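Structure record follows, encoded as structure tokens.
The values are calculated or read from the model by the stated rules, or taken from the named source; none is laboratory data. Everything quoted here is computed from the prediction, not taken from an experiment. Positions of Cβ are generated from backbone atoms using ideal geometry, with glycine treated the same way; all protein chains shown enter the neighbour counts.
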Amino acid sequence: MPELTPRQIVEALDKHIIGQDAAKRSVAIAIRNRWRRQQLPVDLRKDITPKNIIMIGPTGVGKTEIARRLAQLVGAPFLKVEATKYTEVGYHGRDVESMIRDLTEIAIGMVRQEQRRLVETTASEKVGERLLDLLLPQSGTWDPENAEENERRARTREKMKARLEAGELEDHQVELNIEQKAVPVQIFSNLGMEQMDVDFQNMFERIMPKQAQQRQIPVREARRILLEQETEALIDRQVVTEKAVELAENQGIVFVDELDKICGPASTHGPDISRQGVQRDLLPVVEGTAVNTRYGPVRTDHVLFIAAGAFHVSKPSDLMPELQGRFPIRVELTDLKREDFLRILTEPQHALTKQYTELLGTEGVRLNFTRDGIEAVADIAYEVNRTAQNIGARRLSTILERVVELVSFEGPDLKPKDVKIDGAYVRKRLADILEKEDLSKFIL
């Protein structure tokens, strides 16, 4: 984990997300506290739990983006889930513990990629030798009693190796024995059986006989297949599992979106399996428990949970008191103003205007967003959000897509290739929709 100070974390987030300083400070402190915890003695370290966060704010103001960019910044396993897709254990649907299984799978993928990089050089050398064996089937066999023949074969192999490394044999056909992957066997489908930690798929793959097929393929494709085989053979699965479980337990971040949708008064007509039931099941996972996965038990005591919701209808205080206590830090994200829209369109590292400019630049079209053009987009986005539904910064994508629609469609055939997007052009493209308020609610 990088030794980033809270100030450095906020500065890195500022490159991609405009405003919301309070939320950035809270997540920066939470991440720094993880690093601080790692510096403590082991007996004290296990008692310090992360301070989970609830982000409160309307859609499109950056809640998910802050969490996602944060995970990328520190290289942590990150999972985004919607609270609304879970139901109480025993009912049709996903149980809450499955989020930890998904997080562990993400950690496994990250560690496997890291291990692949470590063995890549050794695997490439082995692939080179195997390709030479395919190109010169007899060159790898040596006769101890015939030194002259052995020397001739060695010279031939060296020449072929030089040609192979020079890329002269990429289209040469070789015969390769390729294992056919077994067709996945679907045993359970949405039957609430996720808590069963038996890996049936792998079990069937071990039982079913592996099928192999001889194929004539070019060297370039054979190299890719052989590299995959050699890499898999060199990776120690036990090491991957141990590192991934440790990574998920100590560095994992779970972003629980739409938390406000499982709030509300207690049901009076029967068990509310998708609201109160989910809260009851979420409580032990956030509090700290051991979840059975196909890689063994994974403890959630030090997983950082970041919850988010608009909380228009409900309030955080509508959550179960026990669950509220597990999210001690609450941060309110502010609505986006016209000035925020202006900054979002120009300041981030990959701002929307830069994205469209680069996309159309691939076909030689040179888009030029003028200052008054950007201001016109910001004005319209703010006004439509105010009068229709407030969807935050996502409104900018809706409007910009409409503005550049004609250029995008005619891009390959456009002449001249220079297009200026100024205030007049923006208003002209949106005039018909903005005049009809009813229509703008549906289209913008």
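If Ala22 passes every condition in (1) closer than 30 Å to Ala378 by Cα; (2) surrounded by 15 or more Cβ atoms within 10 Å (Cβ to Cβ); (3) not hydroxyl-bearing (Ser, Thr, Tyr) but one, which one does it miss?
(2)
Here is a check on your reading of the model: is Arg394 more than 31 Å from the chain's Cα centre (by Cα), surrounded by fewer than 19 Cβ atoms within 10 Å (Cβ to Cβ) and not small (Gly, Ala, Ser)?
In short, no.
Looking at the stretch 286-321, which of its residues are aliphatic (A, V, I, L, M) and surrounded by 18 or more Cβ atoms within 10 Å (Cβ to Cβ)?
Val286, Val291, Val298, Val303, Leu304, Ile306, Ala307, Ala308, Ala310, Leu319
What number goes with the only condition from (1) assigned to a helix (DSSP H, G or I); (2) out of contact with any helix residue (DSSP H, G or I) (no Cβ under 7 Å at 6 or more places or on another chain); (3) at pLDDT 90 or above; (4) not polar (S, T, N, Q) that Leu40 does not pass?
Failing condition for Leu40: (1).
Given the residues Val377, Val278, Val331, which is the only one that is in a strand (DSSP E or B) and touching a helix residue (DSSP H, G or I) at 6+ places or on another chain (Cβ under 6 Å)?
Val331
Listed here are the residues, each with its yes/no results for (1) in the same structural domain as Gly57 (by TED's automatic domain parsing); (2) touching a strand residue (DSSP E or B) at 6+ places or on another chain (Cβ under 6 Å); (3) farther than 21 Å from Ile56 by Cα.
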position: Asp281; (1), (2), (3): yes, no, yes
position: Thr300; (1), (2), (3): yes, no, yes
position: Phe311; (1), (2), (3): yes, yes, no
position: Asp318; (1), (2), (3): yes, no, no
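Hey, can you tell me all the residues within the stretch 289-322 that are aromatic (Phe, Trp, Tyr) and either assigned to a loop (DSSP other than H, G, I, E, B) or free of Cβ contacts under 8 Å to residues at least 40 places away in the same chain (or both)?
Tyr295, Phe311, listed by residue number.
Would you list the helices (runs of 4 or more DSSP H) that sit entirely within the stretch 167-262 and hold 1 or more residues that are within 28 Å of the chain's Cα centre (by Cα), at pLDDT below 80 and among the hydrophobic types (A, V, I, L, M, F, W, C)?
The qualifying helices (runs of 4 or more DSSP H) are 200-207.
Quick check on Val426: is it touching a strand residue (DSSP E or B) at 6+ places or on another chain (Cβ under 9 Å), assigned to a helix (DSSP H, G or I) and aliphatic (A, V, I, L, M)?
So Val426 fails the test.
Looking at Asn385, Asn368, which one is in the same structural domain as Gln355 (by TED's automatic domain parsing) and surrounded by 17 or more Cβ atoms within 10 Å (Cβ to Cβ)?
Asn385 is the lone residue from the list that is in the same structural domain as Gln355 (by TED's automatic domain parsing) and surrounded by 17 or more Cβ atoms within 10 Å (Cβ to Cβ).
Criterion first (under 23 Å from Glu65 (Cβ atoms), touching a Leu at 6+ places or on another chain (Cβ under 9 Å) and without any contact (Cβ under 8 Å) to a residue 40 or more places away in the chain) does Thr353 satisfy it?
No.
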